[in-house]
Structures are given as structure tokens and as C-alpha cells.
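Only one structure is covered here, and it is reproduced in the block below.
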Amino acid sequence: MNIVHLLLASARRLPQAPALALGEHVLLNYAQLARRVLRLSAGLRALPGMAPGDRIALFMPNHPAYNEILFAIWHAGLVAVPVNAKLHPRELAWILQDCGARACLSLGTVEGVATLDVSSAAFEALHLEAEPAPAEVQAEDPAWLFYTSGTTGTPKGAVLTHRNLLFMVQAYFSDIDRLGPGDAILHAAPLSHGSGLYGLAHFAAGALNVIPESGGFEAGEIYALSDAWSGVSFFAAPTMIVRLLASPDARLPRGLKTIVYGGAPMYVADALRAVELFGPRLYQLYGQGESPMTITGLPQSAHGDTRHPRYLQRLASCGHARTGVEVRVFDADDRELPCGEVGEIVTRSDCVMAGYWNNPQAGERTLRGGWLHTGDLGSLDTEGFLTLRDRSKDLIISGGSNIYPREVEEVLLRHPAVAECSVVGRAHPEWGEEVVAFVVVRAGANADARELDALCLAEIARFKRPKDYRFVASLPKNNYGKVLKTELRNLLGNRQDTGRQA
Ligand code: AMP
């Protein structure tokens with residue numbers, strides 16, 4: 001089934017239901033949106049040389065035309081390539097070349113790259129007076145090329161099929177929330193990533209997709225929109241939750257239904273503060289571009305069950321396998337490890353990508369034995385809760401002992417003055433590596449290395465303690481709010497770092 005049918009069915013069933021809003025203003029109902037999608041589909045099909053399966057890139061910030069373009073691409077039997085809008089034009093050019101994009105839509109012009117500006121008359125003119133039938137596609141045909149966010153190395157395009165996206169939508173309904181008209185999703189995080197993926201569930205249910213007027217993540221605006229609309233959900237990276245908690249507007253908004261967070265570690269101290277403010281309206285997901293938004297999840301009930309004997313361990317985990325998803329932990333030889341042992345997390349389900357575009361070797365390696373090898377380290381407990389350690393490349397090995405940065409970070413974050421921190425390894429002639437902590441201190445608060453060291457001494461093994469503290473104003477992050485440990489390691493002048501990224 002072509003994924004566009006999710007939208008078309010809602011348009012038949014609920015033609016008058018609001019489909020798309022900019023801030024507090026409805027722009028289009030379902031019938032109007034579907035009509036624009038059909039007309040744009042006709043225009044895309046008519047572009048010179050366009051053939052089924054051709055790729056069309058989107059290089060733009062969150063914008064009301066974003067979803068219309070995605071659905072028109074699928075309607076026309078083409079493949080969408082949503083690109084992180086913060087990439088450098090050179091990086092965009094690389095992706096366009098890699099996927100052989102036939103066209104690229106953008107907001108405004110992009111230096112050195114031929115694009116079609118969605119704010120131009122030419123884009124409107126691409127909406128032809130025609131209402132073609134949706135293209136027939138197979139479930140295993142590509143729908144979305146997801147270029148990995150690139151915290152390391154060159155990006156690879158995970159090929160997500162129509163089946164992958166349908167499975168992801170169904171798992172949303174199974175595990176996160178039932179949705180319907182009267183519900184809304186706020187696209188405060190990039191539509192090229194998690195927010196755009198989860199918007200599909202809302203279109204399938206006839207709910208409203210809201211694009212904030214700022215086009216991005218502004219805490220005050222999110223609070224205001226979550227008051228203004230009803231049944232509001234949104235996807236946020238953990239760093240965005242931290243910003244919501246720190247905002248002077250922090251409150252429980254009237255219309256809030258669910259905050260879905262994930263994409264990077266959520267520290268227990270932050271999760272506790274989030275539960276205190278938002279109550280059990282939090283859902284944590286663990287996924288990756290190669291298995292979009294869907295490997296494990298920690299449900300709202302686990303956030304609310306504060307009396308559970310293992311409440312804190314559960315908050316520190318990323319939950320259990322999503323409905324219809326298998327999750328295991330393998331050793332370096334792909335043998336399954338028993339509960340409690342740390343190894344590589346692997347998964348198998350209809351959500352797992354078909355491979356990497358244009359890179360069959362990397363695809364075969366990552367999918368060997370029929371399992372997606374996530375590159376993440378973690379362990380399962382006897383109840384099936386998965387605790388992530390770190391990506392294998394972030395692991396610090398000092399004097400032959402493994403040190404998981406997250407464990408040290410969790411301890412440092414217990415200090416009331418520590419707003420954010422990130423722990424990395426620095427080359428050491430004797431020990432191989434030693435632990436260094438980058439720390440952001442809360443405005444108006446104080447923390448010094450001695451106090452932090454005392455905290456670590458009280459909580460973790462001596463060899464895990466940072467040997468050096470760097471107090472910084474902020475941590476380097478990518479567009480999705482993930483801390484760029486590679487940059488931190490480079491700051492420390494680690495020559496071996498490039499070798500570890502391969
Ligand atoms: P991406 O493909 O850009 O979505 O990045 C996926 C990676 O983000 C995963 O492989 C994990 O390393 C990390 N990640 C995703 N979800 C979580 C989570 N809930 N907790 C910790 N790390 C996460």
C-alpha cells in the first residue's frame with residue numbers, strides 16, 4: 001500500500017476536519033490538503049524526465065508546505081529525501097548527488113544548488129489542474145531516504161519503505177496513543193526527522209498538524225500552543241525537554257496529551273523533573289533512522305508508576321520492545337548475550353530499513369543475519385527493559401576498563417549547579433584514555449572541580465572519575481539536539497579520534 005492512502009482515507013472520512021495549522025490558525029482542512037496534494041502530484045509527474053521511483057529532496061525548515069510535498073511525492077510514486085535544513089550547502093550537494101535527486105525543494109535559494117523555492121510562484125504553478133490517481137507502489141518500494149544525522153562520518157541514506165512507515169504508524173497507535181480529530185501534533189522539532197515521521201500517525205487519524213510560526217523550538221511558543229490546541233503531542237529531543245523545564249513559562253499546559261522524547265539519552269534527574277511538571281504524559285522512545293522511531297519505548301504508565309520498586313531503573317532505561325519488534329543483545333560474534341550483559345543492540349521487525357542507498361556493502365554489514373545492528377551498546381533485564389549504555393565509539397577504555405560516559409554524566413547531573421555535561425575520553429600515554437568532563441553550570445549557580453570530584457568519589461568507582469573538568473558556556477550540538485562528542489574529543493586534541501569514527 002502507498003503511504004499516501006493514510007491521508008486520502010482521512011480526507012474521505014473527515015473532509016472538514018482541520019489538517020494543517022500555522023501557529024493558532026488553521027490553514028487547510030483535510031479535503032483542501034488532499035486536493036493540493038493531488039494537484040502537486042500531477043505537477044511533479046510532469047517535470048521533465050521524472051519517472052516512478054525518482055528521488056525528490058526537501059531542504060527546508062518546518063514549513064506548512066512540508067507535508068503537502070511529502071504526500072505529493074508518494075502520491076506520484078516518487079521517493080522523498082528530507083534533508084536536515086541546517087546542513088551546509090556542500091553537504092546538501094553531497095546528498096543530492098548520492099541519491100541522484102531529480103529535484104530539490106527549498107525555502108528561498110541555496111548557494112550553488114539548483115532548487116525550487118516553495119515560496120515562489122513557480123511552486124504554486126506546479127499545482128496542476130488535475131486529480132490523478134495515486135501511483136501503485138509495492139510495500140517494499142522506497143518511500144523516504146533518511147540520511148543519518150551524521151554525528152560521525154559521512155551520512156548514509158537509510159532506505160525506508162512504504163511498509164516501514166506503515167508499521168511505524170501502527171506501532172504509534174499500539175504503544176503511544178489513540179488519536180483522532182480533536183488531537184494535534186506540534187512540529188517543534190525538525191520535520192525532516194522524528195517530528196515529520198510521527199506526523200504521519202496524526203494524518204492517518206485525521207488529527208491536526210501544527211507548524212509553530214517560529215519554525216523551530218521556542219519554549220514559550222510551545223507552552224502557548226499547547227494551551228491553545230487540544231490533545232497536543234509533540235516530539236522533543238531530551239535537550240528540548242531541558243529547555244522547556246528551564247523556561248520562565250514552565251507549566252502544565254491545558255491541552256497537553258503526550259510529550260514523546262528520545263533520540264539521545266535522557267538523564268534520570270531531568271526525567272524526574274519532567275514527570276514532576278508534566279505528570280505521566282511522557283513517552284520515551286528509542287529508535288534510529290534505520291528503524292524509524294520504533295525499537296523500544298518507555299510508556300506513560302512507567303513514568304507515572306513512582307512507587308514501582310525499580311522506578312528509577314526504569315526511568316534510566318529506554319523501555320521494552322515496541323509491539324511487533326524483536327530486540328536482542330549480541331556479542332562481537334553475533335551470539336545472543338544473556339540478560340544483564342552489555343553488548344550491541346540488534347532489532348528485527350517490519351520497521352527495519354531495506355538497506356543503505358547506493359551502499360550495499362554497508363547495508364549488508366548492518367543487516368547481517370537478518371538483524372539491524374544498531375551500533376548502540378546496552379543490556380536487557382529479565383523483564384525485557386533495555387538500558388542503553390553508549391554508542392560503541394563513545395565508550396572510554398582506561399587502563400583496560402570500560403567506562404560508559406553516561407554513567408558518569410548521570411552522577412555529575414545530580415549536582416544542583418550542573419545544567420548539562422558530557423564526558424569523553426582523552427588519549428593518555430599510560431592508560432590509553434582518561435576521562436574528561438565538560439560541564440555547563442546553571443546561571444547564577446556555582447560548582448567547582450573539587451565538589452564534583454567528591455560527588456563522583458561517593459557514587460562511582462575511582463577509575464571512572466573525570467581526571468579533568470572543563471567548564472564551558474554550552475555543549476556543541478547538532479540540529480537534533482544531540483551532543484557532538486566528536487567535537488569535544490577534538491577540542492582535547494585527540495589524534496586517534498578520527499580512527500575511532502570509522
Ligand atoms: P538517528 O538515527 O539520528 O535518529 O540517531 C539514532 C541514535 O540516537 C540511536 O542509535 C541512539 O544512539 C540514539 N538514541 C535514540 N533514542 C535514544 C534514547 N531513547 N536514549 C538514548 N539514546 C537514544
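The values are calculated or read from the model by the stated rules, or taken from the named source; none is laboratory data. Given the structure is predicted, the values throughout are model-derived calculations rather than measurements. Every residue, glycine among them, receives a Cβ derived from its backbone with ideal geometry; neighbour counts consider all protein chains shown. We work out accessible area using only protein heavy atoms, side chains counted, and drop any ligands, DNA or RNA first. Shrake-Rupley method; radii C 1.70, N 1.55, O 1.52, S 1.80 Å.
Annotations for the structure displayed:
- Ranked by solvent-accessible area (1.4 Å probe, protein heavy atoms only, all chains present), the residues Trp371, Trp357 order from largest to smallest as Trp357, Trp371.
- Order of exposure, largest accessible area first, which applies to Trp144, Trp431 with probe 1.4 Å: Trp431, Trp144
- Considering helices alone, the calculated mean residue ellipticity of the chain at 222 nm is -9000 deg cm²/dmol, with DSSP H runs of length four and up weighted by -39500 (n - 2.57) and normalised per residue.
- Look at the alpha carbon pairs under 8 Å that are at least 6 residues apart: their mean separation over the length of the chain gives a relative contact order of 11 percent.
- With all protein chains modelled, accessible area of Thr109 [1.4 Å, Å²]: 130 Å²
- Per residue, the chain exposes an accessible area of 40 Å² to a 1.4 Å probe, with every protein chain left in place.
- Carbon/sulfur fraction of accessible area - region 5-386, other protein chains in place, 1.4 Å, %: 51 percent
- Rounded percent of accessible protein surface that carbon and sulfur make up, region 390-443, 1.4 Å probe: 52 percent
- Chain lengthening between Ala130 and Asn446 when straightened (0.36 nm per residue, less Cα-Cα): 107.3 nm
- Put Lys393, Lys467 in order of accessible area, highest first, and with a 1.4 Å probe you get Lys467, Lys393.
- If only the Cβ of Lys and Arg carry +1 and only the Cβ of Asp and Glu carry -1, the dipole of region 396-501 around its Cα centre is close to 220 debye.
- Positive minus negative residues near Lys477 (Lys, Arg vs Asp, Glu; Cβ under 10 Å): -1
- Net +/- balance of residues flanking Thr294 in space, Cβ distance below 13 Å, scoring K and R +1, D and E -1: -1
- Total formal charge among the other residues, if their Cβ is under 15 angstrom from that of Leu58, Lys/Arg +1 and Asp/Glu -1: -1
- Length added when fully stretched, Arg251-Gln16, from 0.36 nm per residue minus Cα-Cα: 81.4 nm
- The alpha carbon convex hull volume per residue for the chain rounds to 146 Å³.
- Nearest-10 value in Å² for the accessible area of Arg365, using the 1.4 Å probe: 150 Å²
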